[in-house]
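Only the coordinates and a few stated rules stand behind these numbers; no lab work does. Every value quoted in this text rests on a predicted model; they were computed, and no experiment measured them. Heads up, the Cβs are rebuilt from the backbone with ideal geometry, glycines too, and the neighbour counts pull from every protein chain shown.
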Amino acid sequence: MELLLLADPSEDAIKEYLDDSRCFVAYADDVAVGSCVIRPIAGQMVELMNIAVSPSSQNLGIGSRLLRNVIDEVKKSGAKGLEVGTGTFGYQLSFYQRHGFRVDRIDKDFFLQNYPDPIVEDGIQHKDMLRLTLEFGSVVQIGGIPRCLEN
């Protein structure tokens, strides 16, 4: 729970989605240093509910390796893609964009309506949630050259 609270400050919200989710954990010397939680949603999509790395293990590539592993697992499952909700600014947004996620829509006032306490980063309160998606294309051989077809 300690790791999950780094990415989502509401223990109640975390407890709500854990039952129908799959959890991945990154270990260093038998100590959990990273975690990621996903769950299936509508339309053969999977939602990334939470990803976090302990502060002492950040900036070592653990989060990126964890996310790439999760993306590979979701692809193998036959899902169409992966979706995540995050704030409209901050390092989390660029982290997801570096891994190929693209902005899909905005949930206006999400953080205001779903969290009793303000969530503030760099002196700015988060109000809206960006929904980002990473859609998986299928690869086919055409004349011996792999081509990516978008779904």
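So how much slack lies between Glu73 and Ile124, counting 0.36 nm per residue of separation and subtracting their Cα-Cα distance, in nm?
Numbers: separation 51, 0.36 × 51 = 18.36 nm, distance 3.49 nm.
Gain in length upon complete extension: 14.9 nm.
What's the magnitude of the charge dipole for the range 4-149 around its Cα centre, counting Lys and Arg as +1 and Asp and Glu as -1 at the beta-carbon? Answer in Debye, nearest 20. Walk me through the numbers on the way to the answer.
Values: 15 positive and 20 negative charges, 173 e Å.
Charge dipole of the range 4-149: 820 debye, to the nearest 20.
I need the helices of the chain that pass two filters: whole DSSP H segments spanning 15 Å or more by Cα along the axis, and mean Kyte-Doolittle score no lower than -1.0. Qualifying helices: 62-76. The stretch between Glu16 and Gln58 holds 12.5 nm of extra length on full extension. This uses 0.36 nm per residue minus the Cα-Cα distance. Toward the positive end of the charge dipole of the chain, with +1 on the Cβ of Lys and Arg and -1 on the Cβ of Asp and Glu, the farthest Cα among Gln125, Leu5, Phe101 is that of Phe101.
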